[in-house]
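Here is the structure we will look at, set down as structure tokens.
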Amino acid sequence: YKYTSKTFINPYLFYFFQTSIYNKNTHTKKMALTPCSSTSFINKKERKNYRTHDDISSMICFAKINPPSYNLKAKSYNQEVQFLNPNMEEKEKFHMLTSGTHSNNSSSTKVPVFVMLPLDTISIGGNMNKPRAMNASLMALKGAGVEGVMVDCWWGLVEKDGPLKYNWEGYDELVKMVQANGLKLQVVMSFHQCGGNVGDSCSIPLPPWVLEEISKNPDIVYTDRSGRRNPEYISLGCDQLPVLRGRTPIQVYTDYMRSFREKFKNYLGDVIVEIQVGMGPCGELRYPSYPESNGTWRFPGIGEFQCYDKYMKASLAASAHAMGKESWGRGGPHDSGQYNQFPEETGFFKKDGTWNSEYGQFFLEWYSRKLLEHGDNILASAEGIFKGTGCKLSGKVAGIHWHYNTRSHAAELTAGYYNTRNKDGYLPIARMFAKRGVVFNFTCMEMRDGEQPHSANCSPEGLVRQVKNATRNVGVELAGENALERYDGGGYAQVLSTSRADSGNGLSAFTYLRLNKRLFEPENWRNLVEFVKNMSEGGSTRLPECDSSRTDLYVRFVKQTHAKRTTEVAVV
């Protein structure tokens, strides 16, 4: 593997390579790589001359990473919950579900770790961004012991040039690179826009021809009570209507997935081991009830119902008519408040609000049922396309943990999850996933209650516990992700705890968000390597629990200055 004085070394990867050896005119010479290496660009002719991890293992030495001196044993999840909130059982008796007999993961089972690739891995032009740096990153991840990587397959890039005109070139290059490095690949069928949500670092809109149809008929996207349109995702109200140049949205998604299968059929089940099917904004099965774009929503606002395009309104009117309640079909609740309000500031979501009335139950049943039907329609198509390929199918559900400790669970309701103090909104989703043989992928696995602002009534731990029980009770496989970027030992320790089967379903896999420059900083990298090792050993040890990297711990509370390091160590 030849390095010359003109070779460009990506600055955030240099310290992984202690030395490299190259041969020149049969003479062997050893050269140390330092930050002072020349920054001349690589010869374009060599762009695709990748070396795999195995090819280079004898030539490039990774810096040895000594495991930390700590070796802390993780407590069981039940002990942890009891410590954090001894009165939780009294507050939320309904969600403390009885444990079933099904469990697909024991506390000692290996949990494979995947790492999400950057959102802009594939450029607007359809080619791979920075392929040499990506190859080096994949090589480092392989050396760290990760199972594979995840990439978004953007509808707005692949079908950009017109209906049924697909460009898979950049993804084809990536798949081959992943295979060459001995890794596996999770692919997300991303039918949503990138930009305007938590963690979005680039902008990839829906295909231009789809945006043209939206401009002609704005009702094909989600709309709130004030008439604001959201171009993130096509409204599920028109799933079965030919609003996209003669095809229905479900047909468009189906054709896209079929084209992907035909292009990559030789890699399915071998290199490409999972297809995650996008079903809403951020790829999640939900309504876009908390859009961050233009400052519309801020954490921890309750969000707003998204049922005011003409197709959703027609469906609501038809359901109300069938009930003999015509007045209930004229629109969503009039007293549900605005995006940034709290539950007690509204008539609908307050403690004894309209959410628990006959009308409230009717509306919430309709609203959540439409979301379930949308998910089932897309997953049915995916099941038919990928059945027999050896690929797992998965679907992603959002971890909406704010206002979880209130009776109405307002933020979950506006997103389409009919989950209240008296009703489990995740069991119906789990049953639908089980029917289609789909892995239930859930976020916020890294969050702890004590990290959240008291006023927001958050309980990510209670929410994760509820989802773990729901998926176990119906026998569906559960996988996890972190919701926000975390590099500290505390976040990893929480994932190790929640990955266990002690208090519900154990995780079958975990996908870490996300590959970037910060991940390769020495302390952050050591934490990741130790985390992957612990997950492969069933979570027998864990990392320190303080957030030593000054990470943003909850949605949109981004600190622009360095915060003081905490002197307290939270108990997991």
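From (1) buried (at least 19 other Cβ atoms within 10 Å of the Cβ); (2) out of contact with any helix residue (DSSP H, G or I) (no Cβ under 7 Å at 6 or more places or on another chain); (3) not in a loop (DSSP other than H, G, I, E, B), pick out the condition that doesn't hold for G360.
Every listed condition holds for G360 apart from (2).
Just the residues that are in contact with a Ser or Thr (Cβ under 8 Å, 6 or more places away or on another chain) and closer than 24 Å to N217 by Cβ, please, taken from segment 249-282.
Keep residues of segment 249-282 that are in contact with a Ser or Thr (Cβ under 8 Å, 6 or more places away or on another chain), which gives 250, 253-254, 257, 261, 265, 268-269, 274-278.
Those that are in contact with a Ser or Thr (Cβ under 8 Å, 6 or more places away or on another chain) and closer than 24 Å to N217 by Cβ: I250, Y253, T254, G278.
Out of segment 215-246, which residues are open to solvent by 30 Å² or more (accessible area, probe 1.4 Å) and either farther than 30 Å from G295 by Cα or small (G, A, S) (or both)?
Within segment 215-246, S215, S226, G227, Q240, L241, P242, R245, G246 meet the criteria.
Among the numbered conditions (1) over 23 Å from E365 (Cα atoms); (2) outside any loop (DSSP other than H, G, I, E, B), tell me where Y233 comes up short.
So Y233 meets the others, but not (1).
Which one of these does E169 not meet: (1) under 30 Å from E212 (Cα atoms); (2) modelled with pLDDT under 95; (3) charged (D, E, K, R)?
(2)
Given the options A314, A320, name the one that is part of a helix (DSSP H, G or I) and open to solvent by 40 Å² or more (accessible area, probe 1.4 Å). Talk me through it step by step, then tell me what you get.
Numbers: A320 fails: open to solvent by 40 Å² or more (accessible area, probe 1.4 Å).
Criteria check complete, one pass: A314.
Looking at A430, A415, A410, A493, can you tell me which residue is open to solvent by less than 10 Å² (accessible area, probe 1.4 Å), closer than 20 Å to G280 by Cα, in contact with a Lys or Arg (Cβ under 8 Å, 6 or more places away or on another chain) and at pLDDT 95 or above? Before the answer, list the steps.
On the way: A430 fails: in contact with a Lys or Arg (Cβ under 8 Å, 6 or more places away or on another chain); A410 fails: in contact with a Lys or Arg (Cβ under 8 Å, 6 or more places away or on another chain); A493 fails: closer than 20 Å to G280 by Cα.
Testing whether each residue is open to solvent by less than 10 Å² (accessible area, probe 1.4 Å), closer than 20 Å to G280 by Cα, in contact with a Lys or Arg (Cβ under 8 Å, 6 or more places away or on another chain) and at pLDDT 95 or above leaves just A415.
Within segment 447-475, track down each residue that is without any contact (Cβ under 8 Å) to a residue 40 or more places away in the chain and either open to solvent by less than 10 Å² (accessible area, probe 1.4 Å) or not in a helix (DSSP H, G or I) (or both). Walk me through how you get there before you give the answer.
Here is the first cut: in segment 447-475, the ones without any contact (Cβ under 8 Å) to a residue 40 or more places away in the chain are 454, 468.
Residue satisfying the conditions is K468 alone.
Output the number of the condition that G283 fails; it satisfies all remaining conditions of (1) buried (at least 24 other Cβ atoms within 10 Å of the Cβ); (2) farther than 22 Å from N422 by Cα.
(1)
Taking C282 and the conditions (1) outside any helix (DSSP H, G or I); (2) within 15 Å of C194 (Cα to Cα); (3) not hydroxyl-bearing (S, T, Y), which numbered condition does it fall short on, given that it satisfies the others?
(1)
For residues that are of a type in the set (S, T, Y) and surrounded by fewer than 24 Cβ atoms within 10 Å (Cβ to Cβ), scanning just segment 289-309, find the one that is farthest from the chain's Cα centre (by Cα). Show your work before the answer.
Within segment 289-309, the subset of a type in the set (S, T, Y) is 289-290, 293, 296, 308.
Okay, now just the ones that are also surrounded by fewer than 24 Cβ atoms within 10 Å (Cβ to Cβ), so 293, 296, 308.
On the way: S293: 19, T296: 22, Y308: 27 Å.
Looking at residues that are of a type in the set (S, T, Y) and surrounded by fewer than 24 Cβ atoms within 10 Å (Cβ to Cβ), I get Y308.
Quick check: is even one residue across segment 162-170 more than 17 Å from the chain's Cα centre (by Cα), outside any strand (DSSP E or B), surrounded by 18 or more Cβ atoms within 10 Å (Cβ to Cβ) and not aromatic (F, W, Y)?
Yes, some residue in segment 162-170 is more than 17 Å from the chain's Cα centre (by Cα), outside any strand (DSSP E or B), surrounded by 18 or more Cβ atoms within 10 Å (Cβ to Cβ) and not aromatic (F, W, Y).
List the pairs whose first member sits in segment 309-334 and is within 17 Å of Y287 (Cβ to Cβ), whose second member is among the hydroxyl-bearing types (S, T, Y) and open to solvent by 10 Å² or more (accessible area, probe 1.4 Å), and whose Cβ atoms are under 6 Å apart, counting only residues at least 6 apart or on separate chains?
If the second residue must be among the hydroxyl-bearing types (S, T, Y) and open to solvent by 10 Å² or more (accessible area, probe 1.4 Å), no pairs are left.
Residue by residue through segment 340-355, note down the ones that are open to solvent by 80 Å² or more (accessible area, probe 1.4 Å) and assigned to a helix (DSSP H, G or I). First the steps, then the outcome.
Filtering segment 340-355 for residues open to solvent by 80 Å² or more (accessible area, probe 1.4 Å) gives 344-345, 350-352.
Across segment 340-355, the qualifying residues are E344, E345.
Of the numbered conditions (1) touching a Leu at 6+ places or on another chain (Cβ under 8 Å); (2) of a type in the set (K, R); (3) without any contact (Cβ under 8 Å) to a residue 60 or more places away in the chain, K216 fails exactly one; give the number of that condition.
Among (1) touching a Leu at 6+ places or on another chain (Cβ under 8 Å); (2) of a type in the set (K, R); (3) without any contact (Cβ under 8 Å) to a residue 60 or more places away in the chain, the lone unmet condition for K216 is (1).
Conditions: (1) under 25 Å from G480 (Cα atoms); (2) among the hydrophobic types (A, V, I, L, M, F, W, C); (3) out of contact with any Asp or Glu (no Cβ under 6 Å at 6 or more places or on another chain); (4) assigned to a loop (DSSP other than H, G, I, E, B). C202 meets all but one. Number of the miss?
(3)
Search segment 258-272 for residues that are more than 18 Å from L379 (Cβ to Cβ) and assigned to a loop (DSSP other than H, G, I, E, B) and pair each with any residue that is at pLDDT 95 or above and of a type in the set (S, T, Y) when their beta-carbon atoms are under 9 Å apart and the residues are at least 6 apart or on different chains.
So the pair list comes out as F264/Y171; K265/T389; G269/T389.
Per-residue answers, yes or no, for (1) closer than 22 Å to F114 by Cα; (2) assigned to a loop (DSSP other than H, G, I, E, B); (3) touching a residue at least 12 places away in the same chain (Cβ under 8 Å):
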{"site": "G384", "(1), (2), (3)": "no, no, no"}
{"site": "G388", "(1), (2), (3)": "no, yes, no"}
{"site": "G399", "(1), (2), (3)": "yes, yes, yes"}
{"site": "R407", "(1), (2), (3)": "no, yes, yes"}
{"site": "Y418", "(1), (2), (3)": "no, yes, yes"}
{"site": "F433", "(1), (2), (3)": "yes, no, yes"}
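I'm trying to understand the selection: among the residues of segment 247-258, which are open to solvent by 10 Å² or more (accessible area, probe 1.4 Å) and touching a helix residue (DSSP H, G or I) at 6+ places or on another chain (Cβ under 8 Å)? Write out each step before concluding.
Residues of segment 247-258 open to solvent by 10 Å² or more (accessible area, probe 1.4 Å): 247-248, 250-251, 254-255, 258.
Listed by number, the residues that qualify are R247, T248, I250, T254, R258.
Failed condition for H403, given (1) outside any helix (DSSP H, G or I); (2) surrounded by fewer than 21 Cβ atoms within 10 Å (Cβ to Cβ); (3) out of contact with any Gly (no Cβ under 9 Å at 6 or more places or on another chain), with all others met?
Failing condition for H403: (2).
Could you please tell me which pairs satisfy a Cβ distance under 6 Å, a separation of 6+ or placement on different chains, a first residue in segment 351-371 that is free of Cβ contacts under 8 Å to residues at least 60 places away in the same chain and charged (D, E, K, R), and a second residue that is open to solvent by 40 Å² or more (accessible area, probe 1.4 Å) and part of a loop (DSSP other than H, G, I, E, B)?
Once the first residue is free of Cβ contacts under 8 Å to residues at least 60 places away in the same chain and charged (D, E, K, R) and sits in segment 351-371, its partners that are open to solvent by 40 Å² or more (accessible area, probe 1.4 Å) and part of a loop (DSSP other than H, G, I, E, B) give K351/R407.
Residues to consider are L515, L478, L484; find the one that is touching a Phe, Trp or Tyr at 6+ places or on another chain (Cβ under 9 Å) and surrounded by fewer than 24 Cβ atoms within 10 Å (Cβ to Cβ).
Working: L515 fails: touching a Phe, Trp or Tyr at 6+ places or on another chain (Cβ under 9 Å); L478 fails: surrounded by fewer than 24 Cβ atoms within 10 Å (Cβ to Cβ).
Answer to the selection: L484.
The values are calculated or read from the model by the stated rules, or taken from the named source; none is laboratory data. Being a predicted model, the structure only gives us computed values, none of them experimental. When we count neighbours, we look across all protein chains shown, and the Cβ atoms used for this are built from the backbone with ideal geometry, even at glycine. We work out accessible area using only protein heavy atoms, side chains counted, and drop any ligands, DNA or RNA first. Shrake-Rupley method; radii C 1.70, N 1.55, O 1.52, S 1.80 Å.
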